[in-house]
1. Within segment 310-326, which residues are in a helix (DSSP H, G or I), without any contact (Cβ under 8 Å) to a residue 60 or more places away in the chain and touching a Leu at 6+ places or on another chain (Cβ under 9 Å)?
2. Looking at (1) free of Cβ contacts under 8 Å to residues at least 12 places away in the same chain; (2) assigned to a loop (DSSP other than H, G, I, E, B), can you tell me which one L260 breaks?
3. Quick one: is S209 hydroxyl-bearing (S, T, Y), closer than 27 Å to K284 by Cβ, open to solvent by less than 40 Å² (accessible area, probe 1.4 Å) and outside the structural domain of E306 (by the TED database)?
4. From the list R385, R371, R363, which one is under 14 Å from the mean Cα position of the chain (by Cα), assigned by the TED database to the domain that holds V307 and open to solvent by 10 Å² or more (accessible area, probe 1.4 Å)?
5. If S209 satisfies every condition in (1) without any contact (Cβ under 8 Å) to a residue 60 or more places away in the chain; (2) in a helix (DSSP H, G or I); (3) closer than 22 Å to R192 by Cα but one, which is the exception?
6. Look through segment 74-91, keep the residues that are touching a Ser or Thr at 6+ places or on another chain (Cβ under 9 Å) and surrounded by fewer than 16 Cβ atoms within 10 Å (Cβ to Cβ), and return whichever of them is modelled with the lowest pLDDT.
7. With respect to A175, determine if the residue is over 30 Å from I221 (Cα atoms), in contact (Cβ under 8 Å) with a residue 60 or more places away in the chain and open to solvent by 20 Å² or more (accessible area, probe 1.4 Å).
8. Going by the structure shown, is K226 farther than 29 Å from A175 by Cα, touching a helix residue (DSSP H, G or I) at 6+ places or on another chain (Cβ under 8 Å), at pLDDT below 90 and basic (K, R)?
Amino acid sequence: MTSTYLLYESASGYALFHAHGLDEIGQNTEAVRSSVSDLNRFGKVVKLAAFHPFESALDALKQCNSVSEGLMTDELRSFLEINLPKAKEGKKAKFVLGLAEPKIGSNIFEETKIPCQSNEFVLELLRGVRLHFDKFIKDLKQGDLEKAQLGLGHSYSRAKVKFNVNRVDNMVIQAIFLLDTLDKDINSFSMRVREWYSWHFPELVKIVSDNYLYAKLAKFIQDKSKLAEDKIPSLTDIIGDEDKAKEIVEAAKASMGQDLSDIDLINVQQFAQRVMDLSEYRKKLYDYLVTKMNDIAPNLASLIGEVVGARLISHAGSLTNLAKCPSSTLQILGAEKALFRALKTKGNTPKYGLIFHSSFIGRASARNKGRMARYLANKCSIATRIDCFAESSTTTFGEKLREQVEERLDFYDKGIAPRKNIDVMKAAIESADNKATAMDVEEVPSEASGKKSKKKKSKSNANGEVEDGPSATANGDVAEDTKSEKKKKKEKRKLDRETEEQQQASEIINGEEEAGKKKKKKKSKDENKDDQVAAEDGKKKKKKKSKSEDAE
């Protein structure tokens, strides 16, 4: 009778159990299922044979990945070979190894010839092992197994989804929300500064319309009575216009505003400084949003813009959710109220939502806005799917899609036929491949130049030329650093051209060599024929001479 062994892959290590006397808990699946919960009955039948703990969390992740892919690691092989009974050569093994995954069972059987089994009966036994596993391992403390399972689960999930810190779209969602909030706050605060300082200097509102410049001038001027012509240069630096600076000075002299106390002016100055700080922070936040969008969704950003793309991502919830949306949903994203109102009243549905803020919709004529919104939503859907599921980030596809949208605008306005989508996508794939190869080539020439410099040094030493090594290498490094990308691309093109010319030259040379060989063969044949003819003529002459001598 064959004995059954069970292999259980836990988060803390490999465990091998020996199941004997299975008649006590039942032979069919239902009987085992009912008796698994009772540890006294189950513990008599299934006993721990061996346990191999993992060395570290990285080792546990490695083993878990190999098991999920159906591959047997060296550690698992040695563990099984040491602890399982050895079968004699040429004879069938008297045991069976029960596994939860049939993939790894087939791999184990191929490499070690250990008979493996995976069915409902084995799965029920392994369920009982998993249920009472902490009771079988005596050295495990309470909570250790749960911690190991949690850590391994997190690391395994992170590795499976290829988690990248630089591509977290949550940062974009928070940044665009904060940017919209800051715009509202800065606007309301600027209006408060204008109303507050206009009590003292009402003429300044008509001269300066920009909120940030107004707050800056309110902080600089403070008391209008102290504003004289000697401050015109500093006012010009703030505004950037000398005429406006003179106009402010003249307006301050004949101002109708009331005088403010020093405390009031200090408060106005502090509030104006706060508005300036918020405006500067808003600029920094916008720059941060642009960089994050170029990391997370470069094609969407290059197609429709960073702010509109970020609003679409935040409204959808994530870049993955946006990529799952069809283009018709993306088109009216942000106009849900209008859509449901139209469905309720049986009116016209909206043509666009957040996508309306794109410059393409504004540039289209009134009768073509709906068409343009539908076409742009289609291209945005393609760009988001490329950004979400592509392994390498590039802006090539977004730029090509933008060109298509521009061509569609020209088609609606002037009637110029646009290119086909398949031709544009082929060109985009070729340019993306060229960029990838260019990046690889840029790394290779640096190594090649180092080897060339070593060869040159060795040649110069052999010829007796003495050079200052450190200065030469330093100058070479500086020259390499100062090379621009355009020069590198030109060098790459030259190298490609040279290789093509060399290939053509080699083909021509091979053709000439083959032609020469053929000519030589012909010449040799002709020479052999001439030799044969000469030999036959000589024989004929000898025969004639011998005949003439006989006749005499």
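1. Let us first name the residues in segment 310-326 that are in a helix (DSSP H, G or I), namely 310-316, 319-324.
After this cut, where a residue has to be without any contact (Cβ under 8 Å) to a residue 60 or more places away in the chain as well, the list is 315-316, 321, 324.
H315, A316 - these are the residues of segment 310-326 that are in a helix (DSSP H, G or I), without any contact (Cβ under 8 Å) to a residue 60 or more places away in the chain and touching a Leu at 6+ places or on another chain (Cβ under 9 Å).
2. For L260, the failing item is (1).
3. Numbers: hydroxyl-bearing (S, T, Y): yes; closer than 27 Å to K284 by Cβ: yes; open to solvent by less than 40 Å² (accessible area, probe 1.4 Å): no; outside the structural domain of E306 (by the TED database): yes.
When the stated conditions are applied, S209 does not pass them.
4. R385
5. Going through (1) without any contact (Cβ under 8 Å) to a residue 60 or more places away in the chain; (2) in a helix (DSSP H, G or I); (3) closer than 22 Å to R192 by Cα one by one, S209 breaks only (2).
6. P85
7. Against the criterion (over 30 Å from I221 (Cα atoms), in contact (Cβ under 8 Å) with a residue 60 or more places away in the chain and open to solvent by 20 Å² or more (accessible area, probe 1.4 Å)), A175 does not qualify.
8. On the way: farther than 29 Å from A175 by Cα: yes; touching a helix residue (DSSP H, G or I) at 6+ places or on another chain (Cβ under 8 Å): no; at pLDDT below 90: yes; basic (K, R): yes.
Answer is no for this residue.
The values are calculated or read from the model by the stated rules, or taken from the named source; none is laboratory data. Since we're looking at a predicted model, the values are computed, not measured. Please note: Cβ atoms are built from the backbone with ideal geometry, for glycine as well, and neighbour counts cover all protein chains shown. When the accessible area is computed, the model is the full protein with side chains, heavy atoms only, and any ligands, DNA or RNA have been set aside. Shrake-Rupley method; radii C 1.70, N 1.55, O 1.52, S 1.80 Å.
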